Amino acid sequence: MESTELVVNGKAHKLEADSRVTLLDALRNHLGLTGTKKGCDHGQCGACTVIVEGRRVNSCLTLACMHDGDEITTIEGIGQPYNLSALQSAFVAHDGFQCGYCTPGQICSATAMIEEARAGWPSFVSDDLDGPAELSDEEISERMSGNLCRCAAYPNIVNAIRQAAGEQS
Amino acid sequence: MNAHRKMDKPDTRNRLDDMSQGLVGTAMDRPDGPLKVSGQATYAHEWEVPDMVHGVLVRATISKGRVTDVASDEILADDAIHAVITDDRLLRRPAQGGANEAPPQGSKQVDYFGQPIALVVADTFEQARHAANNLKIGYETEGNAAFDPEAAATETDKPEDDQLDQGDLDQAMRNAAFTVDQVYRTPGHNSAAMEPHCAIASWEGDKLTLRGSYQMLNFNINELADALHISADNIRMLSPFVGGGFGSKLGLSPEAVAAAIAAKEIGLPVCVTLSRQQVFETTMRRSETHQHVRLSCGEDGVLTGLGHECLVSNLPGEEFYEPVTQATHFLYGGKNRKLGIEVARLNRTCGGSVRAPGEAVGMQVLENAMDELAEAAGIDPVELRKRNIPEQHPEKDIPYSSRRFTEALDEGAKRFGWDKRNAKPGNLREGDWLIGHGMAGAARINILSEAKAKVTLLANGSAVVETDMTDIGTGTYAILTQIACDMLGLPADKVETKLGDTDFPAGPGSGGSWGASSSGSAVFLACEEIRRKLADKLGSDERDLELADGKAGTGEPAQSLAVILDGEEISAIGHIEPGKTLEDWQQATYGSYFAEVAVNAITGETRVKRMLGVFGAGRILNEKTATSQCYGGMIWGIGSALTEELAFDNRDGHIVNHDLAEYHIPVNLDVPQIEVVLLKERDEFASPIQAKGIGELGICGAAAAVTNAIYNATGIRVRDYPATLDKLLEGLPDQQQ
C-alpha cells in the first residue's frame, strides 16, 4: 500500500492504495470522482484527460503514487451543471458531444490546450514555431486530436472551442 | 389508460405541425447536456454501490477446442481473490440485437480466440486483473478451425430468403451498351464506442439489479433472465446513460451474466468492465465483405441489369449475417437482377450489427460501381443516379412511401458546386496535392418498432415521460421532451424525460434507426390520450384544444393546467405497433454525399477537404441532434474509406489490432467542417409523427463519395478498402515518371 496526498480541485485527499492504482482509477474508484472516464486504459483515446500541475495528461498512463502533493483539476473542478464554465456551456450550445463519454476528457483537454496556445506553444500544423499561436480551426483540430470521439462530434467540438477561446481572449 | 395504434394506415394529420408550443424540429439543446459536460451523467461503471468488488474476464488463447483445466486453486490462495467463476451459464458469445433469449452459453467450448472463459473476482480491480492475467488454463485444441472467408476449404451457406434471381442478368450484361463487372472488398469494423461494456450486478434475495451499458433493455432483460434461468420479473436493468453503442450493445454481452453469477455466488455486488481489447474480441464485429457487382445499361444510362453477390462471414450457428444488399433491392431499377448473400463459417469473433448493418458497406460499394458506370457511359454521376430512380419497385408490387432522393441529389449538387467539377481524373493539382471531387447516393431502410411510453401530466401542470428506451447519444432525452412539450403545451423545463429503466414501459431500444420515430410515436399517442382527458374536463373536443405555455383552452389557451387539473394528475401509456404500412410500402430514407479530397502526389496520403450531406428522413424532431447524427455517420464513412480495418491473423483468427492505437477511427484533424442539410419531409406512412430514422443514414454510402473523389483526384480505383497510402502509391503520377 502506498500513502499519497492528491490535491484534487483544490481539496486535499489522503489516498491509501495499491501502488498499481493509476491516477484514473484513484479518481474514479477511490475518490468517487467518476467524471473522468476510462475509454481504453492505454493512453490511446484521451477520455481520461485531467489537468495535473497545469498540464493535460492521460490519467490512465500515470500511477497515483507518482503524484504526491500534485494539484489536479478534473471535470468536477471545471464546472457543475448549474455553474458551467464558458467552454462547457459552448459544448452544450454547439452539441459538441453525443453520448457524452469522451466529453469530460475533451473539455479538460481543451481547457489546458487554450492555455498552451496562449503561452505560444506551437503544434504540428503551426507555420511558425516562435510566433504567437492563433487558434485557427486547423490548430484546434490538431491540438485536440489526442481526444477521440466515436460519435464524431468533431466539427461541433471545434465550433465550441473556437467560440469559448474567442470569448476568453 | 392505454392509447394503442397499429400503423396499418398512413397518418396524414401532421398534428405536430399545428402545435403552438413549437419545439419539435427546433435545435433545442439536449436537456442532459449540462450533466454530460460536467461529468455528472451516470454511466454503467459509475454507480455508488456499497461493498462492490471487481471482476475481470479471462480470454481464450486458442480459436477452437475445449477448456480442460482452470487452475483456480493457485489464484484462490490469495485472500483478496473471492472467486474464479467458470459457470456453465457464462456467455460464450454476445446476443444478437433483438435476440430476446440467451446466446450460446458454456465457456468450456471455445469457438474463437478471445472468447471469455472465466471470471476472476477480487476486492480491487488491480488484484482481479493481476490474478486474471496469471490464471493458467489448459486446452484441448481442435485442428479444423477456419479463419479465411475466401479459402476453398471454408464452409459456406446461403440464407434461402436472401437470394434473388430475376430475369437474365448474364444476357443483359452481354447485350448492354456499357457494363461494370468488378469485385470490391470491405474489411471488418468494430463499433469502438467510447464507453467499454460494463455491468454492476447486485442481488437482494432473488431480485437482481443490473446496471449496465445496453441499447435495448426491453430485449436485454429477457436475454439476461434466460441466461440465468430466472424470471425477468426478478430483474431490474438500468442504463440511463450509455457511452455510445453503434450496435455493440444491442444484445446482452458476457460481462452482464458473469457479474450476475459472481454476485450471487459471493454475496456481494460485482462490477465487471471489459478492457478495450475485450470489447474488440468479445463483442460484435462487422463482417468483412467480398462483393461482386455487375451493372449493365443502355446508351441512355438506364440500368438493364444489376448484380450484387456478396460473401460475408460469421461463427457457425449464427443466424445474423451482414445484409449487404438491403438497399440494393429497392434503390435503382434494372429488371434483370441477381442479388445474394453467402456466409462463410469462421472461428472469428462473432459477427453482428455495427452502425447501419448492410447499407454501411453495401451502399459504399454499390455507389462505387455506379461511379464506374457513369464514367463508362460518359454520363454525369448525379444524372446517372437520377435516371435510375425507379417509378415502380423493381422487385415487388408495392409503392414507395415518401422518397426525396432526387431532391437530395439536386440540392447537394447545387450547394457543392458540382457543375464546376473537372470530370477528367488526375487533372487538378495544387502543389504536391492532387484534388478530386466525388459524390454518392445514400439510402437506408426505415423501420418502426413496437414501443410503449408513459406520460404523466402532474397536478402542478408539469409532465414526466417514462420509458425503458435508451439515449446512446442519439438525443432521445431531447426529442421525447420536445414531443411531450408540443403535445401538452409545456415549455421544455416543465417536462422531465426518464429513460433506461426496465421498471418503465418497454420502449423499442436504440438500434436500426427506429428509436426516435418509434418511442416518439409512443409519447405522441400517450399525449393525445391526455389531451382527450383535458378536453373532457373543459367540455370540448380534443381537436379544438389549444395548449401552450402551461395553459389550455378552446380557441385560445386561457386557463392554467394546474387550475384545470384541480389536484388530479392524468397519466396515459402510448403504445405503437408496426402494421401494414411497413409491409405494403417500401419505406426508406435517402440522401446524397459530396466530397472534395486532396491526395498527396508523393506520399499517397488522403485528406478530406470538404464534405456535404443532404438527407431526407421524414420529420426532423431536433435539428441539432439530427445534424450531429449525420456528422457521426459521415465521419464513420471517412473512417471506412481511409483507415478502419480489423486485421485478422489467419493462423489463429485473432484480431491483430484490438485497440484504439491500432484500429484507426477518425481523429479531429481527419475531419473538415462538414455541411449537413436536412430536407423538409413528412412521411405519413412511416409513423404517426411522420418521422423516419436518421441515426444511420449518414454512413450509408458516405465512404464511396470519398473514394470516388480519390479516383477523380488520381485516376486510381481502390476496390479493396480502406484506401490506405500503400494502395495509391504505385499509381500516383509522380511515381510513374
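The values are calculated or read from the model by the stated rules, or taken from the named source; none is laboratory data. The shown structure was predicted, so the numbers you read here are calculated from the model rather than taken from an experiment. Backbone-built Cβ (ideal geometry, glycine too); neighbour counts: all protein chains shown.
Please find, within region B:109-144, the residue that is surrounded by the fewest Cβ atoms within 10 Å (Cβ to Cβ) out of those that are of a type in the set (S, T, N, Q) and touching an Asp or Glu at 6+ places or on another chain (Cβ under 9 Å). Steps first, please.
Here is the first cut: in region B:109-144, the ones of a type in the set (S, T, N, Q) are B:109, B:115, B:124, B:127, B:133-134, B:141, B:144.
Checking the rest, the ones that are also touching an Asp or Glu at 6+ places or on another chain (Cβ under 9 Å) come to B:115, B:124, B:127, B:134.
On the way: B:Gln115: 29, B:Thr124: 18, B:Gln127: 22, B:Asn134: 13.
Applying the filter and picking the extreme gives B:Asn134.
Taking only region B:429-469 into account, find how many residues are within 30 Å of B:Leu725 (Cα to Cα) and part of a loop (DSSP other than H, G, I, E, B).
2
Being surrounded by 20 or more Cβ atoms within 10 Å (Cβ to Cβ) and outside the structural domain of A:Val8 (by TED's automatic domain parsing) is the requirement here; does A:Asp127 meet it? Break it down stepwise before answering.
Working: surrounded by 20 or more Cβ atoms within 10 Å (Cβ to Cβ): no; outside the structural domain of A:Val8 (by TED's automatic domain parsing): yes.
Judged against the criteria, A:Asp127 is not a match.
Please go through (1) farther than 30 Å from B:Lys335 by Cα; (2) in contact (Cβ under 8 Å) with a residue 60 or more places away in the chain; (3) out of contact with any Ser or Thr (no Cβ under 7 Å at 6 or more places or on another chain); (4) surrounded by 14 or more Cβ atoms within 10 Å (Cβ to Cβ) for B:Met194 and return the number of the only condition it doesn't satisfy.
With (1) farther than 30 Å from B:Lys335 by Cα; (2) in contact (Cβ under 8 Å) with a residue 60 or more places away in the chain; (3) out of contact with any Ser or Thr (no Cβ under 7 Å at 6 or more places or on another chain); (4) surrounded by 14 or more Cβ atoms within 10 Å (Cβ to Cβ) applied to B:Met194, the lone miss is (2).
Yes/no per residue for (1) out of contact with any helix residue (DSSP H, G or I) (no Cβ under 8 Å at 6 or more places or on another chain); (2) surrounded by 18 or more Cβ atoms within 10 Å (Cβ to Cβ):
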site: B:Asp11; (1), (2): yes, yes
site: B:Ser38; (1), (2): no, yes
site: B:Pro50; (1), (2): yes, no
site: B:His54; (1), (2): no, yes
site: B:Thr61; (1), (2): yes, no
site: B:Asp69; (1), (2): yes, no
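Name every residue in region B:705-723 that is touching an Asp or Glu at 6+ places or on another chain (Cβ under 8 Å) and in a loop (DSSP other than H, G, I, E, B), in order of residue number. Walk me through how you get there before you give the answer.
First, the residues of region B:705-723 that are touching an Asp or Glu at 6+ places or on another chain (Cβ under 8 Å): B:705, B:708-709, B:711, B:717, B:721-722.
Selection gives B:Arg717, B:Tyr721, B:Pro722.
Residues that are farther than 20 Å from B:Pro672 by Cα and free of Cβ contacts under 8 Å to residues at least 24 places away in the same chain: list the helices (runs of 4 or more DSSP H) wholly contained in region A:62-169 that include at least 2 such residues.
Numbers: elements: A:75-78, A:86-94, A:103-118, A:137-143, A:154-168.
So the answer is A:86-94.
Can you tell me which residue is surrounded by the most Cβ atoms within 10 Å (Cβ to Cβ) among those in region B:442-469 that are under 19 Å from B:Met7 (Cβ atoms) and either hydrophobic (A, V, I, L, M, F, W, C) or without any contact (Cβ under 8 Å) to a residue 40 or more places away in the chain (or both)?
The first filter runs over region B:442-469 and keeps only residues under 19 Å from B:Met7 (Cβ atoms), leaving B:444-453, B:467, B:469.
The next check asks that each one be either hydrophobic (A, V, I, L, M, F, W, C) or without any contact (Cβ under 8 Å) to a residue 40 or more places away in the chain (or both); those that pass are B:445, B:447-448, B:451, B:453, B:469.
Values: B:Ile445: 24, B:Ile447: 20, B:Leu448: 25, B:Ala451: 30, B:Ala453: 34, B:Met469: 37.
Going through the qualifying residues, I end up with B:Met469.
Of everything in region B:475-508, what is assigned to a helix (DSSP H, G or I), within 14 Å of another protein chain (Cβ to nearest Cβ) and touching a residue at least 60 places away in the same chain (Cβ under 8 Å)? Give them in sequence order. Lay out the reasoning, then the answer.
Keep residues of region B:475-508 that are assigned to a helix (DSSP H, G or I), which gives B:476-488, B:492-494.
With the extra rule that they be within 14 Å of another protein chain (Cβ to nearest Cβ), the set shrinks to B:476-479, B:492-493.
Those that are assigned to a helix (DSSP H, G or I), within 14 Å of another protein chain (Cβ to nearest Cβ) and touching a residue at least 60 places away in the same chain (Cβ under 8 Å): B:Tyr477, B:Ala478, B:Ile479, B:Ala492.
Name the residues in region A:58-77 that are more than 10 Å from chain B (Cβ to nearest Cβ) and either buried (at least 22 other Cβ atoms within 10 Å of the Cβ) or farther than 25 Å from B:Ser275 by Cα (or both), would you? Outline the logic, then answer.
Initial filter on region A:58-77 (more than 10 Å from chain B (Cβ to nearest Cβ)): A:58-73.
Residues satisfying the conditions are A:Asn58, A:Ser59, A:Cys60, A:Ala64, A:His67, A:Asp68, A:Gly69, A:Asp70, A:Glu71, A:Ile72, A:Thr73.
Results for (1) closer than 12 Å to A:Gly100 by Cα; (2) in a loop (DSSP other than H, G, I, E, B); (3) of a type outside the set (Gly, Ala, Ser); (4) touching a residue at least 12 places away in the same chain (Cβ under 8 Å), shown as yes or no for each residue.
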{"residue": "B:Gly22", "(1), (2), (3), (4)": "no, yes, no, yes"}
{"residue": "B:Pro31", "(1), (2), (3), (4)": "no, yes, yes, yes"}
{"residue": "B:Pro34", "(1), (2), (3), (4)": "yes, no, yes, no"}
{"residue": "B:Asp51", "(1), (2), (3), (4)": "no, yes, yes, yes"}
{"residue": "B:Gly55", "(1), (2), (3), (4)": "no, no, no, yes"}
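Do any helices (runs of 4 or more DSSP H) lying entirely in region B:116-231 carry at least 1 residues that are away from chain A (no Cβ under 14 Å) and of a type in the set (D, E, K, R), and which ones are they?
On the way: elements: B:125-134, B:169-175, B:217-228.
By residue number, B:169-175, B:217-228.
Select from region A:20-57 the residues that are of a type in the set (S, T, N, Q) and within 14 Å of A:Asn9 (Cβ to Cβ) and write down the one among them that is farthest from the other protein chains (Cβ to nearest Cβ). Give the derivation first.
Applying the first criterion (of a type in the set (S, T, N, Q)) to region A:20-57 yields A:22, A:29, A:34, A:36, A:44, A:49.
Now drop any that are not within 14 Å of A:Asn9 (Cβ to Cβ), which leaves A:34, A:36.
Details: A:Thr34: 4, A:Thr36: 7 Å.
Selected residue: A:Thr36.
B:Ala95 - would you say it is under 23 Å from B:Pro316 (Cβ atoms), surrounded by 15 or more Cβ atoms within 10 Å (Cβ to Cβ) and small (Gly, Ala, Ser)?
Numbers: under 23 Å from B:Pro316 (Cβ atoms): yes; surrounded by 15 or more Cβ atoms within 10 Å (Cβ to Cβ): yes; small (Gly, Ala, Ser): yes.
Considered against the rule, which asks whether it is under 23 Å from B:Pro316 (Cβ atoms), surrounded by 15 or more Cβ atoms within 10 Å (Cβ to Cβ) and small (Gly, Ala, Ser), B:Ala95 comes out as yes.
Would you check which residues across region B:407-423 are in a helix (DSSP H, G or I), out of contact with any Leu (no Cβ under 9 Å at 6 or more places or on another chain) and surrounded by fewer than 15 Cβ atoms within 10 Å (Cβ to Cβ) and list them?
To start, the set of residues in region B:407-423 that are in a helix (DSSP H, G or I) comprises B:407-416, B:418-420.
From the residues that got through so far, the ones that are out of contact with any Leu (no Cβ under 9 Å at 6 or more places or on another chain) too are B:409-410, B:413-414, B:418-420.
Matches in region B:407-423: B:Lys414, B:Asp419, B:Lys420.
With respect to B:Gly426, is the statement that it is assigned to a loop (DSSP other than H, G, I, E, B) and either surrounded by 24 or more Cβ atoms within 10 Å (Cβ to Cβ) or outside the structural domain of B:Pro31 (by TED's automatic domain parsing) (or both) true?
Details: assigned to a loop (DSSP other than H, G, I, E, B): yes; either surrounded by 24 or more Cβ atoms within 10 Å (Cβ to Cβ) or outside the structural domain of B:Pro31 (by TED's automatic domain parsing) (or both): yes.
Against the criterion (assigned to a loop (DSSP other than H, G, I, E, B) and either surrounded by 24 or more Cβ atoms within 10 Å (Cβ to Cβ) or outside the structural domain of B:Pro31 (by TED's automatic domain parsing) (or both)), B:Gly426 qualifies.
Given the criterion of a type in the set (Asp, Glu) and facing another protein chain (nearest Cβ under 9 Å), identify the matching residue among B:Asp670, B:Asp649, B:Asp683. Let's see the steps before the verdict.
Values: B:Asp649 fails: facing another protein chain (nearest Cβ under 9 Å); B:Asp683 fails: facing another protein chain (nearest Cβ under 9 Å).
The conditions single out B:Asp670.
Does B:Ile472 satisfy being under 23 Å from the mean Cα position of the chain (by Cα), assigned to a loop (DSSP other than H, G, I, E, B), buried (at least 24 other Cβ atoms within 10 Å of the Cβ) and at pLDDT 95 or above?
On the way: under 23 Å from the mean Cα position of the chain (by Cα): yes; assigned to a loop (DSSP other than H, G, I, E, B): yes; buried (at least 24 other Cβ atoms within 10 Å of the Cβ): yes; at pLDDT 95 or above: yes.
For B:Ile472, the condition - under 23 Å from the mean Cα position of the chain (by Cα), assigned to a loop (DSSP other than H, G, I, E, B), buried (at least 24 other Cβ atoms within 10 Å of the Cβ) and at pLDDT 95 or above - is met.
For (1) in contact with a helix residue (DSSP H, G or I) (Cβ under 6 Å, 6 or more places away or on another chain); (2) within 16 Å of B:Ala102 (Cα to Cα), each residue gets a yes or a no:
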| residue | (1), (2) |
| --- | --- |
| B:Ser213 | yes, no |
| B:Ile221 | yes, yes |
| B:His229 | no, yes |
| B:Arg236 | no, no |
| B:Phe241 | no, no |
| B:Gly245 | no, no |
| B:Leu252 | yes, yes |
| B:Ala258 | no, yes |
| B:Gly267 | no, no |
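Do you know which residues across region B:653-678 are buried (at least 17 other Cβ atoms within 10 Å of the Cβ) and over 21 Å from the mean Cα position of the chain (by Cα)?
Answer for region B:653-678, where residues must be buried (at least 17 other Cβ atoms within 10 Å of the Cβ) and over 21 Å from the mean Cα position of the chain (by Cα): B:Gly653, B:His654, B:Ile655, B:Asn668, B:Leu669, B:Asp670, B:Pro672, B:Glu675.
Is region A:100-115 home to any residue that is crowded, with 19+ Cβ neighbours inside 10 Å, within 30 Å of B:Gly475 (Cα to Cα), facing another protein chain (nearest Cβ under 10 Å) and aliphatic (A, V, I, L, M)?
Within region A:100-115, one or more residues are crowded, with 19+ Cβ neighbours inside 10 Å, within 30 Å of B:Gly475 (Cα to Cα), facing another protein chain (nearest Cβ under 10 Å) and aliphatic (A, V, I, L, M).
Output the residues belonging to region B:244-258 that are closer than 23 Å to B:Ile699 by Cβ and out of contact with any Gly (no Cβ under 7 Å at 6 or more places or on another chain).
Of region B:244-258, the ones closer than 23 Å to B:Ile699 by Cβ are B:244-251, B:253.
B:Gly245, B:Phe246, B:Ser248, B:Lys249, B:Ser253, listed by residue number.
Exactly one condition in (1) among the acidic types (Asp, Glu); (2) facing chain A (nearest Cβ under 9 Å); (3) out of contact with any strand residue (DSSP E or B) (no Cβ under 9 Å at 6 or more places or on another chain); (4) under 30 Å from B:Leu534 (Cβ atoms) is not met by B:Glu48; state its number.
Condition (4) is where B:Glu48 drops out.
Which condition number does B:Gly65 fail, the rest of (1) surrounded by fewer than 23 Cβ atoms within 10 Å (Cβ to Cβ); (2) closer than 30 Å to B:Asn222 by Cα; (3) touching a Pro at 6+ places or on another chain (Cβ under 8 Å) being met?
It fails just one condition, (3).
Just to be sure, is B:Glu101 in a helix (DSSP H, G or I) and within 34 Å of the chain's Cα centre (by Cα)? Give the derivation first.
Values: in a helix (DSSP H, G or I): no; within 34 Å of the chain's Cα centre (by Cα): yes.
No: the conditions fail for B:Glu101.
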